[in-house]
Structure formats: structure tokens, C-alpha cells
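Below is one structure; the comments refer to it alone.
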Amino acid sequence: MKKLGLFLCMVFTLFAAADAQADTKNITLNGKVIDSEDKSPVTQATVQLLSLPDSTMAAGNVTNNSGNFSISAKPGKYVVKVSFVGYVNYINPIQLSSNKPVVNLGTISLSSDAIMLKEALVVAEAPQVTVKEDTLLYNSSAYRTPQGAMLEELVRKLPGAEVSDDGTIKINGKEVKKIMVKGKEFFGGDVKTGLKNLPVDMIENLKTYDKKSDLARITGIDDGEEETVLDLTVKKGMNQGWFGNIDLGAGTEHRYTGNATINYFNDDSQLTLISGANNVNSQGFSGGGGARWRRNNGLNATKTIGASFAHDSQKLEIGGSARYNYSDNDLQSIGYSENFLKGGSTFANNNQFSRNKAKDFNADLRVEWKPDSLTNIIFRPNFSYRKSNGNGFNENGTFNNDPFSIISNPNEYLNIDNLTDDPLEAIRVNLQNRQSLSKSSSTNSDVSLQLNRKLNDKGRNITLRGSFGYSDSDNSNFNESMTRYFLLDKDSTMNQYIKTPTISYNYRAQFTYSEPIAQATFLQFSYNFQYRYNTSDKNTYDLNGFPDWNISNHLPSGYEENRVDSLSKEATYKYFNHEISLGLRFIRPKYQLSFGVSVLPQNTKLSYLTERAGNILKIDTTRNVINFAPNLDFRYKFSKVSQLRVTYRGRSSQPSMDNLLPIADYSNPLNINVGNAGLKLHSHIICLHSITHSMLISREVL
């Protein structure tokens, strides 16, 4: 029995020793620590295992570059604590057991413990406008505009700036002729294209100044061709690389709009690509080939695409643009007016319906080459093409009393075919219904070349300049009208086809010379010869003899035999102009003074052929005129930011030769034009003198 008891005691002791050995084996804890916001690993975070209940540290380690950690400890009750500067401590109780030798704590996220300070505002008022000599500098950041706004929105907020409904910009009363980006013409300087397609976000500041012509800029000879420009500076962040924006919109009644602009800028080059389409009366381009930026009356649909580029190198500057524009205008209007006359008022009402479509293409190029430090060559070709067609219907009525006193809507009674039970019969004077159809196409091109050579470093230089322009247009018009004269009890009908091909060209040669006669004093001489030629053959055909024909059909066969000689004409103009200019220019530290006079002998020849009352009327006439045009430009600098400028320039012009011929134009029987043959030649000289005094006095805001 004693031996059995001793054996059991030895077995029990062995099991107890084995169990005690198992309890002393370490447990491994693994895990990863990351940032709770951006999920990045937290490196060198402290991981501690604190014993309970006294919170003494049993084990510890730090995370590696991947945020991972590993620590070992004996079985027992602990608290895991993870800490790092700038984060909230992670604390979590845990019990380690020998049954689980490896414990994975997984991913531990640490939340930021940053203390949000109150916002600090650095207050400084950016100067809205700064005057530096003859340049106005506008800071774009001083004006708040909506996100994604275009240049037009910013210009409207500039002090002294006006943007009219037709897209014209005036700053301090002076019309802006060109928009430039970094000193380079944007789409040939076209103002309306720049307004609609340059985003405000890219603009750092805007400068407006009077830019001289290529001739005046290089030679210093003032030719009076200054033009006010708006020059944009690109923000530094957008001055390198590509950027752009896309705007899309859609609405009810099948309305849509879309525009895309892509820009590329670097130190030497710039490129802009533009495209857009809409039918919500928004125009991206102003159009070319004679197109005008018009008020957006009626419903307008446009499609545009274009590109503009510029590149500079040490000796060569090149830039240009190409653009295509399509427009579709659908217009309906109702009008009424009252004319106050000595014998009593007359009243007029009208309805108008028209649809006009046009396609334009414009391209321009500018090349300035400096082969050496003394020579400058500028080459500028331009080309434009336009094709358009339109149709319209007009109803016009005149009354000797107010038609609204008789009926609430007299415009419903302006159609000649709808006069049954006419409530306005007693007060009618005239009534006209007119339908028209027009088609036209035109091609225009011109090219100029300027060569300047400096003869010394004191200001002596010589310039040769030549240009050539050509234009070819073809216009066809169909006019069908019925006019009723109620006071005469008479009707007049007109059904005409008018075809007017026109060809014109011109060339110009100019020579200028500048001679220094004293220190900073120059004698300037210029001779300019210009020749213009224009021939127009207007043929009018009467289609009343074709009763089955209407304006929507093709021309009837044999219409050429019904030529209306009294409404047809052949006219050829030849215009010779010489301009001889002599002037002095003084340049001093405080002021600049230029004055001189131009003598302009002009010779105009007109060959005119038409027929009146069965007689052929042929007129060959010549007009010789000598005009004088004085000029003066004085600038005085009070300081770098204030100056006084006084300019005076005389110009002379005469009425056109057509206005001297005793010939009536009966194309519209209610609007007949007759030339005045009684004008004397000496009364043709009309001197138009303009004087502008401008004083810019300002202080630069620092």
C-alpha cells in the first residue's frame, strides 16, 4: 500500500511540473497600425503590453516601415496600448492563454489628435486698377466672378468698362479693337471670340493700352493707326502645360448648349482649340467675311470650331488662327410706331418673318522675322469666305389715325389678301406685302509685307511696305411685293430678280524714312500710294410676265429678255490716292512731342452706265481733290503713374460719287433714293477734325 501511494504521488508531481512548464511559455502578438483617414502605415508607433491590475509594462516594441509589429508575453490578463505623437492612444484589454500561442490583433487604426486652430485671416486689399504711364493694369483677383465664367463676365465688372449688346468693349470711352494673350493676338485679335471663349480662371491680370501699328512700333513714325487692346496675362500655374474646360447643357423645347476649350501654354508657345454648338442665342465667334456681331433677336443656332497659335524664338515670331462659324437665325417680330409731323401724326404697323443661314471661314497668319539686329520683316496674309441665304416676309401698313383706337390688334389686318370686312379701311394710307429671297457668296483675301532696316544706332531707318487685297462677291435677290395706295385707289406689283456680281482689288506701296537731326529729335518723311478698283454689274429682271412663277421656284426660262434697264446699272470706280507726310518728333525725359502735316492729292474716276426713259445714260466723270491733314501728339509725364496726353488729327472725306448722280433708285417704291447733282466740287471737301484730351492721374496702390 505504501508503494502504491508513493507511485501515485510521483505521477501527480510529474503532471504538475508539466502543467507549470506549459503556463510559462510566451505568447506572440502580431498586428499592423495605420492612419484612420488615408490608410497609410504609421511608422515607429509605440506598442505596449501592460499587466493588470498594476499597469506595469510587460512587453513593448515599435512598428516598422510597413506599420507591422510583433511582441511576446506570458499568458495572463493585459492591456494593449498603441501610441504616436499626433494620434489618439489606442487601448484595448486582452487575455493571453497558452491554448493560443499566436494572437493576431489585425489592423489597428489611429485617429488624428490634431487640434483645429481658429482660421487665421491675412487681410490685404488687392488693387483693382493700377495706372502705369499709358497702361491700365487690372488685377483679376480683385473682382468676384462665378465659377467657370468667361472673360465677358470679368470685363463687365472692370471700372470704366462697358460691354454693349453687340459685343463692343469700351474702356474709359475708348473702344477695344483687339484681345491679346501674353502679348500675342488671340484669333486675330477678334474681341467677341475672346469674350466668349477665354475662361476667367486662367487670367492673372488685364492690361489695356494703345498699341501702335507695326510701322509705328518699329520706326517710331506715328501713322495714326493706334488701336486700343486688352492684353491678358496667364496665371503661373496655367502658364505651363495643358488645361481646358467643357460646358454642356440641355433643356426643354429641344434647347441645348455645349462649349469646349483646350489651351496649351509654355514660355515660347501657346495653342488654343475651341468648339461649340448651341441654339440658345449664344455666339462663340463673331463670324467673318463681312459678318457682324448682331443683337440676338429671334431664335439663333450656331456651330463653331477654331484654333489659334503663337510661337516665339530668338529670330522668328509666328502666329495665326483659323475658324469656322455656322449660324441659323429665325426671327418673327411685330412693331408699331407713330411719327409726329407738323400736319399731324402718321401711324405705321408691321409684321416681319425671316430665316437667315450663313457659313463663315476665316484664316490669318502673322510672321515677324529678325534675320539680324538691324533688319525686321513682317508678313501678314488673311483669307475669308462667306456663304449665306435667307428668306423673309414683311407686312407693312400706314394709317392717318391711330389704328388701336378702332381695333385691339391692327397687325392682324396687314395682309392684302385678308381685307374682307376691313375695320381699318377709313384710315388706311398704304399697305405693302413683300416677300424676299437672297443668296450670296464672297471671297476676300489680302496680304501685306513690311521691310525695315536700321541704318545706324541713332535712329536713322528706312521702311518699305506693300499690300494687296482682292474681293469677289456674288449676290442674288428675289423680291416680290404688292403695294396698295388707298388714297390714290391704285395698286402696284413688283416681281424682280436682281443679280449683282462685284469684283474689287487694291494695292498699296509705302516708303518711310526717319532721320535724326539732333539728340532725341527726328525728322520723319513718308510717301504712300494707294489704288482701288471696284466694278459692279447690277442686273434687274422683271418676272411679272411669268404668272405661274413664284419665289419658291427656279427661275423661268427666258427671264433674261425682261431686263429692267432703269433698275440696272454698270459702275466702275478707280481711286488713286497719294499721301505725302512730313513731321518732327521730340523725345525728352519728361515729354514727347510729334507734329506734322499730310498732303493728300486724290483722283477718283467713275464710269456709270444705265438707261432712263428709253435713253442710255452713260456718265464718265473724274474728281480731283487735294486734302490737308495736320496732326499733333503731345505727352507729358508727371510721374510714372500719371501723365497728360493731347492728340489732334485731321481727316478729310468726300461723299461717294453715286451721291452726285441725278439717278433715282426705285427698288423699293416706298423708299426712293435720288442723288444730288447740284453739289459743287468745293463743297465735297468735308474736314472731320477730332481732338481728344485725356488725363490719367492716379496713385498706385501698394
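Structure values in brief
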{"read-out": "Sorted by Cβ density within 10 Å, fewest first, the residues L105, L195, L331", "value": "L331, L105, L195"}
{"read-out": "Estimated FRET transfer efficiency when R0 is 60 angstrom, pair F353-R623 (beta carbons, to 0.05)", "value": "0.90"}
{"read-out": "Spacing of the two label points (7 Å from each Cα toward its C-beta) at Q128 and K77, in nm", "value": "7.4"}
{"read-out": "At R0 = 30 Å, FRET efficiency that the Cβ-Cβ distance of L437 and L488 yields, to 0.05", "value": "0.55"}
{"read-out": "Loop chymotrypsin sites (Phe, Trp or Tyr not before Pro), region 294-343, which have at most 10 other Cβ atoms in a 10 Å radius of their Cβ (DSSP)", "value": "F340"}
{"read-out": "Cα Rg over Rh - region 181-221, Kirkwood", "value": "1.05"}
{"read-out": "In Å, descending, principal axis extents of the Cα set of region 125-312", "value": "56, 37, 35"}
{"read-out": "Under Karplus coefficients 6.51, -1.76 and 1.60, residue-wise ³J(HN,Hα) of region 377-385 in Hz, glycine/proline x", "value": "10, 10, 10, 9, x, 9, 8, 8, 9"}
{"read-out": "Ranked R156, R380, criterion: other C-beta atoms within 10 Å, fewest first", "value": "R156, R380"}
{"read-out": "In sequence order, calculated HN-Hα J values of region 147-160 (Karplus, 6.51, -1.76, 1.60; Hz; x Gly/Pro)", "value": "4, x, 5, 9, 4, 4, 5, 6, 4, 4, 8, 5, x, x"}
{"read-out": "Amide hydrogen neighbours beyond the local backbone of K235, cut-off 5 Å, H modeled", "value": "I203, E204"}
{"read-out": "J(HN,Hα) series, region 81-89, from Karplus relation 6.51 cos²θ - 1.76 cosθ + 1.60, nearest Hz, glycine and proline x", "value": "10, 10, 9, 7, 4, x, 10, 6, 4"}
{"read-out": "Extension reserve of the F525-Q147 stretch, reckoned as 0.36 nm per residue once the Cα distance is removed", "value": "130.8 nm"}
{"read-out": "Full-extension gain in nm, Y648 to N534, via 0.36 nm per residue minus C-alpha separation", "value": "37.8 nm"}
{"read-out": "For I108, residues with placed amide H under 5 Å, excluding near neighbours", "value": "K32, V33, I34"}
{"read-out": "Computed over region 460-551, Kirkwood Rh from alpha-carbon pairs, angstrom", "value": "18.6"}
{"read-out": "S282 versus K370: modelled label distance in nm, points set 7 Å from Cα along the beta carbon direction", "value": "4.1"}
{"read-out": "Projected label distance in nm at S313 and Y636, using a 7 Å step from Cα toward the beta-carbon", "value": "4.9"}
{"read-out": "Percentage relative contact order, region 125-312, counting C-alpha pairs under 8 Å, at least six apart", "value": "17"}
{"read-out": "Computed E for N544/E225 - FRET, C-beta separation, R0 60 angstrom, nearest 0.05", "value": "0.75"}
{"read-out": "Net lengthening on full extension, D472/E37 (0.36 nm per residue, minus Cα-Cα)", "value": "149.6 nm"}
{"read-out": "Rg/Rg_globular for region 423-507, with Rg_globular taken as 2.2 N^0.38 Å and Rg from C-alpha atoms", "value": "2.28"}
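All of the numbers you see were taken from the coordinates with simple rules; none came from a lab. In this text, all values refer to a predicted model and were calculated from it rather than measured experimentally. Reconstructed Cβ throughout: ideal geometry from the backbone, glycine too, with neighbour counts over all protein chains shown.
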